[in-house]
Protein chains: 2
Amino acid sequence: MKISDLATPALLLERGRLDANLANMSARATGLGVALRPHMKTTKSADIARLATAGQNGGITVSTLKEAAYFIANGFTDITYAVGISVGKLDQVAALRQDGARLTVLTDNAEVARGIAAHAEATGARFDVLIEIDTGDHRAGVAPDSRALMDIAEILDQAAGVDLRGVLTHAGHSYDCRSVAEIQTVAEAERAGAVLAAERLRAAGMACPVVSVGSTPTAVYARDLSGVTEMRPGVYMFNDVFQASIAACTLADIAVSVLATVTGHHPERGEILIDAGGLALSKDRSTAVGPRDVGYGLVAGLAVGLDGAELPELPELHVVRVSQEHGVVATAPGAGALPFAALPPGSRLRVLPNHACMTAAAYDCYHVVEGDEVIATWPRVNGW
Amino acid sequence: MKISDLATPALLLERGRLDANLANMSARATGLGVALRPHMKTTKSADIARLATAGQNGGITVSTLKEAAYFIANGFTDITYAVGISVGKLDQVAALRQDGARLTVLTDNAEVARGIAAHAEATGARFDVLIEIDTGDHRAGVAPDSRALMDIAEILDQAAGVDLRGVLTHAGHSYDCRSVAEIQTVAEAERAGAVLAAERLRAAGMACPVVSVGSTPTAVYARDLSGVTEMRPGVYMFNDVFQASIAACTLADIAVSVLATVTGHHPERGEILIDAGGLALSKDRSTAVGPRDVGYGLVAGLAVGLDGAELPELPELHVVRVSQEHGVVATAPGAGALPFAALPPGSRLRVLPNHACMTAAAYDCYHVVEGDEVIATWPRVNGW
C-alpha cells in the first residue's frame, strides 16, 4: 500500500526517523549511566514500546491505568504509573499486579500515603510506591528539602504492605526554556533535587533504590546524571514542532505527521482548506509562545500530488485556523504567495504537529511508512 | 451504579438537561417552520441521534465519513456530510449509498464539481450534492452573489449522475458575537445569503429543494427563517461554557461534564491537582477571548465527597493549567481562598467543558446520569 491509498486525515509514522530517535536516546541513557524507562504516554503503542526498550531493562512508564493494562496484556511487567494515584484506583492497581507485574504508583500526599497503607492492610494487597518530588515544575510533588517528604516516606516505610521504592521527578519546566544552556540548568536542578530527596530517605535509614528523572529536553541535554538511576522521556520518540522550537530536536527528527487532503481554494483570502482540523491536529498551541508560531501545525516540505508524485518545494505553510474538521492553510508571514496551482483540490499535505502527544491521541493507529510505502499499521490505546 | 462508582476521568451526560435541550431546539425549528437536521459532530451517538430527531423528519448531519457509516449502520438513511468532499472520498461515499441511504455531499469548488461529475460518469454511481455558501464565516463556501456559484451549479446540474440538491451555509462567525443582537444580525445574514443563492439557482432553471443553514447561536436566536428549509445546529444538545459565554445557553443548560478525582493539594500555591488534564478536557481555549475566561474548564457547583454525598457550595473554581493527565484547579480571580478541607484527595469534581465537541472526542462513551445514578452507558464513534 502507498501513502496515496490512505483515507485522510491519517497519522503517519516514519519508521526511519522513529528508529533514529530511539537509538539516540538509548545511547544517551547508556552514556549517562542510567536506565531508560521510556514514557509511553506519547506513543501508547506496544510495537513502539518493544523497540524503545531494546537494549534497556524493559521497564516503561505510563500515564493512565488503561495504558498499564494494555502494556501488561502485551507482556510488559515493569511499569511505573507516573501520575499521582488516588485511593479509589488501588483496587484496579492491585488487580493489574495480580499476575506478577510490578506496577509502581506515585504520590506526593500524606493522606494518600495513609490511604495506600490502609488499603494494603485491609485487602492484603502489596504496593510499590514512589514519592513525587517537585524540582521546579510546580505541578505536583513535594520539595526535596521539605518536611512533607519525610512525613510521606515514614508513612510508606512503616506500612507492612508497601514497598517504598524511591523518588521520582519530572522537570516539565524544561518546556519553558529557550536555550540549551537554560535546559542544562533545569536538568541539573532536576538531578540535584531528586538525589537530595533520595539522600534524605537513605539518611533516615530507608532504602531508595529508584531515583527517577525525566523530560525529553532534559534527557537530551543533561551533562551529568550522577546519583540518578533512570530517566523517563517520552515525546523524543516522535518529536514535534514545539520540541524543535526549544532545540530539543530538529524539524528533520519529527517522526509523525498528519496526512491531509486539500478540499478547497480561497485565493481571495490566500487560503486553502484541508480536511484536518481541530480534532485531527489537536487544539494545542504550544508554539504560540515560542520563536516560531506555526498556528496549529507546520506543513512539511514533502507534499504529494494527485498522481502520488512528490511536489516541488513549497513556501513555508502553516495551519492558521481550525474548526472541528477544517484546517485553513496559509503561507508563513513573509513567505510570499500561496502556490494554488501546485496544490489542487485532492492533493495531499503532511502537517507536523505542535505537540505530538496531543495530536496522536485522536487516532487509533499509526500508518508506518518508509518513503511512500505504508509498511505496517500499529494500533494504539486511548482513553481511560 | 452510582456516579461515585465510576473510574475517573469519565464523561457524564445529564439526561434531564439533554432532553430539555433537544426539546427546546426541536420546538424552535417547528416554530420557525423549518426542519431540524441535527449535526451529530458533537455527540457522535446513535442513542442521542434517535432522541434528537424525534418529531422531526429523521435527517441528520455528520462531519466525517466514519460518522456516516456508523449512523447508516444504526438505521439512519438521510445524512448530509457537511464538510467539503474530495474526489478521493467518492468511492467510499458511493459504497455507503449502496444500500439506499441518501448520503449528500458538499463542495464549493468547480474542479471538485467536475471531479464528482466525472466519477459518476465513469462508475455509474449517483451523487446528491449541495453547494456550500459563504455567508460571512470565511472558512469555506462561495459568495451567494458570485459567478463561482453559478459555475459550480452548472457543472453539477448538467452532470448525468448528479442530483444538485441545493445550497448549504454555516454561520460559524456567530461564535464571534458578544450579544444577542449581534447573533440575530448574523442569523439574518446567514438566512438571506442562503436564500439569495437558492433564488439565483432557481432563476437559472435549476431545482433547489434544500436551503440549509445552521449554527447553534443562530438557531437559538434567529427571528425569521423565511426561504430556509432546514437548520443544522449541533452543540446545543450538550452546550458548553463557551456557548454560555455568548448567551447561546446558560450554565444550567450544560449537559456534559468531566468527572475528575482530586489527586493532590498544594496549599503553598493555592492549587489542587485533579486527574483530568489536556486529554480529558481538551486544549480548547475558546473562553480565553470572551468575558469569562475559565481556563480549561469551569468546576461545576456540584462536587461529591468521598462518601458520595454532595459537598457544600464551593467558590468559583477554574482549571487554570493542564498537562496531559494533570489538571491544576484554583479559585477564579477574586473568588477567595481554595477550600482545601472541603476537597480532600479522593473527592470528586465535575468540570464543565469550554467546548463540548472537543472534550467529548476523547471518550468512547457517555455515562448517562440522573441525579447520582448512572442509568445508561452510550457509545460514541471517534476518528476517521
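Read the figures in this text as sums done on the coordinates, not as results from a lab. All values derive from a computational prediction rather than experimental measurement. No Cβ is skipped: glycine too gets one built from the backbone with ideal geometry, and neighbour counts run over all protein chains shown.
For this structure, a couple of remarks:
- Compactness of chain B - radius of gyration and Dmax, Cα, Å: 22.4, 72
- Restricting the calculation to alpha carbons of segment B:212-276 gives Rg and Dmax of 18.2, 61 angstrom.
- Chain B residue nearest the axis that carries B onto A, by Cβ, with distance in whole Å, is B:K283, 2.
- For the residues A:M358, A:M40, A:M237, a GNM of chain A with alpha-carbon springs under 10 Å puts the largest fluctuation on A:M358.
- Note on segment A:34-176: Rg/Rh from C-alpha atoms, Kirkwood Rh, equals 0.97.
- Summarising the overall dimensions of segment B:1-103 from its C-alpha atoms, the Rg and Dmax are 15.9, 49 angstrom.
- Summed residue charge, Cβ within 11 Å of A:A20's Cβ, Lys/Arg positive, Asp/Glu negative: -1
- Nitroxide proxy distance, nm - points 7 Å out along Cα→Cβ at A:E268 and B:R50: 4.5 nm
- Distances between copies of B:E121, taken at a point 7 Å out from Cα along the Cα→Cβ vector and listed shortest first: 8.3 nm.
- Note on segment A:63-218: with charges restricted to the Cβ of Lys and Arg (+1) and Asp and Glu (-1), its dipole about the Cα centre is near 240 debye.
- In terms of the mean number of neighbouring beta-carbon atoms within 10 Å, the peptides B:317-325, B:146-154, A:78-86 order highest first as A:78-86, B:317-325, B:146-154.
- Near the amide H of B:A143, within less than 5 Å, lie the amide hydrogens of B:D134, all on another chain or at least 5 residues away, with H placed in the peptide plane.
- Helix B:110-123 vs. chain B, principal-axis angle (Cα, 0 to 90°, nearest 10): 70 degrees
- For B:Y363, A:Y366, order by how many other beta-carbon atoms lie within 10 Å, fewest first: B:Y363, A:Y366
- Measuring nothing but how far apart in sequence close Cα pairs (under 8 Å, 6+ apart) lie, relative to its length, segment A:245-384 scores a relative contact order of 28 percent.
- With R₀ set to 35 Å, the beta-carbon distance separating A:A342 from B:A95 gives a calculated FRET efficiency near 0.70.
- Computed over the protein assembly as shown, the per-residue total of -39500 (n - 2.57) for DSSP H runs of n ≥ 4 gives a 222 nm mean residue ellipticity of -8500 deg cm²/dmol, rounded to 500.
- Shielding value for A:60-72 is 1, the average number of Cβ atoms from other chains within 10 Å of each residue's Cβ.
- Here the relative contact order of chain A, from alpha carbon pairs under 8 Å that lie six or more residues apart, stands at 20 percent.
- For B:D145, inter-copy separations between label points set 7 Å beyond Cα along the Cβ vector come to 7.2 nm, shortest first.
- Net charge in the neighbourhood of B:L11 (other residues with Cβ under 10 Å of its Cβ; Lys, Arg +1, Asp, Glu -1) is 0.
- Cβ neighbours within 10 Å from other chains - mean over A:323-331: 5
- Here B:P379 yields copy-to-copy label distances, from shortest upward, of 1.4 nm, the label point defined as 7 Å from Cα along Cα to C-beta.
- Added length on full extension, which subtracts the Cα-Cα distance from 0.36 nm per residue, A:V180 to A:A7: 58.3 nm
- Cut-off 12 Å between beta-carbons: net charge of the residues surrounding A:A29, Lys and Arg +1, Asp and Glu -1: +2
- Pairwise Lys count, chain A - Cα closer than 21 Å, eight or more residues apart or different chains: 7
- Within a Gaussian network of chain B (alpha carbon springs, distance under 10 Å), most fluctuating of B:G55, B:G166, B:G136: B:G55
- Residue by residue along B:260-271, Cβ atoms of other protein chains within 10 Å of the local Cβ number 5 on average.
- Proxy reagent accessibility, fewest Cβ within 10 Å first, across B:D163, B:D91: B:D91, B:D163
- Footprinting exposure proxy for A:T8, A:T135 (fewest neighbouring C-beta atoms within 10 Å first): A:T8, A:T135
- The alpha-carbon atoms of the protein assembly as shown, seen along their principal axes, cover 91, 58, 45 angstrom, with the largest extent given first.
- Chain A - share of DSSP beta bridges that are antiparallel (%, nearest 5): 50 percent
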